[in-house]
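What follows draws every value from the coordinates through simple rules; no lab data is involved. Only a predicted model underlies this, so the values are computations on that prediction, with no experimental measurement involved. Virtual Cβ from ideal backbone geometry, glycine too; neighbours counted across all protein chains shown.
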């Protein structure tokens, strides 16, 4: 990028960042996530580093963001509430330490140690106490001037109205001398003390509030951080109190002669404040990294939103030497957890062909780190989704990736357009085989009309071998492509007729590898009926519908002993059903019913089923649903389940007789809401469906 292009991009980035800062800090109405805003800021900082002549005094990178609200009295902070510089990798953390070592003398370097704190995602607050009494609370504001919210903060039980006076013995145990202990008690009793910390809303309280608001017909809260900020800025203190905020102290500005920062946390607890028990002393940098990586995976244990770790130089005597640069101190660094959202640019769109012939558009992106991995592609689902997003090639977009979910484009930042973006048009021919593309009147998907399309056949074979279908260990995409190219496998039944000699002729196969794959295939010659149905790859048939079909076959077998419990018996039974009967099944609509009926009357499907019978594929027929302590209850799962995982949770629920559904209805007994729960949670609230957390599900299962 040349300087001229960089200047245009920098101006647009500054305008967009300032707009989102105002929405976030002043109006409490953010349009994008913190992670996405951080991504824009990182891009701006990188451009300004590359083109330092373009840096201006009013750039968002040069000042602490935000400003005080006019509806509250302004409060000037005695000492600025500075920002903290961010790190996003281990290398960033090591580079920070290298910078610290250069500023310290040899004797000071030997004193360098750290304190690791959870980076709470709430609202930073400053509390003033005079003669031990709580007299003022102020928001951070722009770092220099905040808002006086004393009346609201007095409603928080976690903020003492009078400081506790520690005993001399407690202060001596803290590490103070007798003289320092006496001075400390005198300051608490007769002096002025400033304590800083974070106001947050616990996940459990947030969920309970939204449930109560939904029942009362009130608007629900968007997220815990926004709810905390909005609660503190309420003109009516009773609303603040009902929000059940918690305040955690993380700094004492008043000088008590302490040697270490972690002692300030301990003193705060002695004064009557809540402190985070998760924080810990880290003698070395490697200890900081271990702390970060642990809570990256276990942040839900904290009980409220945390978006990273704050690494603090623990010895307070080093702080003046290290000093402040720009918007923040050198002795602090926020090492962020892997973001679930980021911004990047769409460079092109390619089209992939699935097992049913459906064409799926995929965005090719500028690589961006998100969720702990580097993402360079994102699904766009279908052409209607492209039109809904208003997406063009060259657009800056927000990408989301939660847990192991495939990255997706969730928003286009149209204000960053340069005018050079290009409209995306769908292909007229299959990008793999060149055949015509068709679109049925009743669906949005574009499809390749060629049933022998290479891409369709490969995807169909891959689906059969996948984990939730036949689950054939070692039969991955590359090996399937080898087998297909060699003419050894054309349909799933061919997997079961492979010989060792067939495999030994392929590149990369020796005796051991061939034996292992054949053994893995042999182990899957017996399949649960539901997995077999799902493995067939019938259009519109997911795991839950496959289980439903298996259930009705089991019921039919119980009613008629003539129904054989094998593949031939199943095919005879289902092919003998009319469309109306299938449509009467629970959770089966007209489209699914028609898809099932057509598949088992299609000649190519019948040919495959006959080949599978010849291959002596065996079916395991489970007993009918309805037994177990959760019998008669219907569950819907949404969001990320961190402890169990979605598949394990479903399996355990089914073992206890519960039904699993993919959609929320008035018949849903429970909605299990994990992290990042979406539209299903909203619908459940609207319908009055009982909502439980993952922890509550685990208790229910046990």
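Brief remarks on what is shown
- Angle between the chain longest axis and helix 3-21 axis [Cα atoms, degrees, rounded to 10]: 80 degrees
- Cα-based shape type of the range 341-438, given that a ≥ b ≥ c are square roots of the gyration tensor eigenvalues and the cut on a/c is 1.5: oblate
- Counting beta carbons within 10 Å around each of 525, 241 and listing the fewest first gives the order 525, 241.
- The overall shape of the range 634-701 is oblate: from the C-alpha gyration tensor, with semi-axes ordered a ≥ b ≥ c, the ratio a/c is 1.5 or greater and a/b is no larger than b/c.
- Against the main long axis of the alpha-carbon atoms of the chain, helix 285-298 sits at an angle near 50°.
- Taking 0.36 nm per residue of separation and subtracting the current Cα-Cα distance, fully stretching the chain between residue 241 and residue 387 would add 48.1 nm.
- The residue 581 and residue 215 beta-carbon pair, evaluated with R₀ = 35 Å, returns a calculated FRET efficiency of approximately 0.30.
- Cα gyration tensor shape for the range 74-336, rounded if a/c is under 1.5, else prolate or oblate: oblate
- Exposure proxy for 302, 149, 409: other Cβ atoms within 10 Å of each Cβ, ordered fewest to most, give 302, 409, 149.
- Among (1) 1.20; (2) 0.97; (3) 1.16, the entry derived from the coordinates for Cα Rg over 2.2 N^0.38 Å: (3)
- Average projection area in nm² (convex hull over Cα atoms of the range 196-285, one quarter of hull surface): 8.0 nm²
- Annotation for residue 646 and residue 297: the two label points, set 7 Å from Cα along the Cα-Cβ direction, are 2.1 nm apart.
- Quarter of Cα convex hull surface for the range 393-453, i.e. mean projection, nm²: 6.8 nm²
- Label-to-label distance, nm, for residues given as residue 614 and residue 690 (7 Å Cα→Cβ offset): 5.3 nm
- Cα-Cα pairs of the range 451-524 separated by more than 15 Å (percent): 49 percent
- Here the range 634-701 carries DSSP beta bridges of which approximately 10% are antiparallel, counting only pairs with both residues inside.
- Separation of the range 373-422 from the range 126-142 is 44 Å, based on Cα centroids.
- The label point for residue 414 and the one for residue 280, both projected 7 Å from the Cα toward the Cβ, are 5.0 nm apart.
- The C-alpha atoms of the chain define a longest principal axis, and helix 646-655 lies at about 60 degrees to it.
- Going by neighbour counts of Cβ atoms within 10 Å, the residues 194, 147 line up, fewest first, as 194, 147.
- Relative contact order (%) - criterion: Cα under 8 Å, at least six apart; region: the chain: 9 percent
- Using the Cβ-Cβ distance between residue 58 and residue 338 with R0 set to 35 Å, the FRET efficiency from 1/(1 + (r/R0)^6) comes to roughly 0.65.
- Counted over the chain, the DSSP beta bridges are approximately 80% antiparallel.
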